[in-house]
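First up is the structure itself, then whatever we jot down about it.
The values are calculated or read from the model by the stated rules, or taken from the named source; none is laboratory data. Because the structure is a prediction, the values reported are computed rather than measured. Here the Cβ positions follow ideal geometry from the backbone for every residue, glycine too, while neighbour counts run over all protein chains shown.
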């Protein structure tokens with residue numbers, strides 16, 4: 001398998017005549033047949049947002065290289081210390097908005113985080129990115145031209161927020177400790193009132 005890294009992309013990948021990937025899998029299959037390429041050596045694979053004719057061995061090597069690179073990036077990200085940010089969620093924009101913001105990572109519901117609106121909080125950057133990506137796409141059609149298909153406009157953000165910049169781990173720990181104290185006080189108050 002030592003010869004595989006010697007293969008270069010120019011010899012192992014065939015695109016459309018204009019140099020771009022084929023628009024559909026069917027057109028790539030047709031090109032494979034038209035060029036009379038050996039199906040044991042060449043195949044149709046996803047490539048740069050379309051399809052391309054690629055040598056099987058080159059595709060396997062490229063896939064393995066991409067997996068190694070992804071593992072290296074993940075390992076580097078784990079070795080990097082966690083980053084924190086100070087943010088403040090905007091108040092409710094309408095009566096239909098949720099009274100508190102919430103976020104969870106990788107869809108682990110209900111294990112999430114409730115965030116009060118209008119208060120400055122310190123959160124890990126991963127949670128801030130979840131809030132940043134929480135939006136509803138907004139599709140519109142010009143009123144005066146109903147024949148035009150719907151187009152995507154500016155998204156409507158579910159939890160718009162102000163970003164006050166980076167924070168330290170100590171600030172995050174202090175913020176979390178204040179939350180634990182407040183939670184313990186609320187639980188104790190509930191026990192006294194309901195026992």
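Mind listing just one residue for me: the one in the range 33-42 that is touching a strand residue (DSSP E or B) at 6+ places or on another chain (Cβ under 7 Å) and at pLDDT below 90 and, of those, surrounded by the most Cβ atoms within 10 Å (Cβ to Cβ)? So, considering only residues that are touching a strand residue (DSSP E or B) at 6+ places or on another chain (Cβ under 7 Å) and at pLDDT below 90, the one surrounded by the most Cβ atoms within 10 Å (Cβ to Cβ) is 37. Of all residues in the range 91-119, those being in contact with a strand residue (DSSP E or B) (Cβ under 6 Å, 6 or more places away or on another chain), closer than 19 Å to residue 156 by Cβ and surrounded by 13 or more Cβ atoms within 10 Å (Cβ to Cβ) number 6.
Scan the range 107-116 and tell me whether some residue there is touching a helix residue (DSSP H, G or I) at 6+ places or on another chain (Cβ under 7 Å) and either in a helix (DSSP H, G or I) or in contact (Cβ under 8 Å) with a residue 24 or more places away in the chain (or both). Among the residues of the range 107-116, not one is touching a helix residue (DSSP H, G or I) at 6+ places or on another chain (Cβ under 7 Å) and either in a helix (DSSP H, G or I) or in contact (Cβ under 8 Å) with a residue 24 or more places away in the chain (or both), which makes the answer no. Residues that are at pLDDT 85 or above and under 19 Å from the mean Cα position of the chain (by Cα) within the range 75-115 comprise 75, 82, 83, 84, 85, listed in sequence order. Residue count for the range 19-70 under the criterion of being closer than 18 Å to residue 8 by Cα, free of Cβ contacts under 8 Å to residues at least 12 places away in the same chain and part of a loop (DSSP other than H, G, I, E, B): the result is 1. Checked against the criterion of being modelled with pLDDT of 85 or more, assigned by TED's automatic domain parsing to the domain that holds residue 104 and exposed (fewer than 11 other Cβ atoms within 10 Å of the Cβ), the range 132-150 has no qualifying residue.
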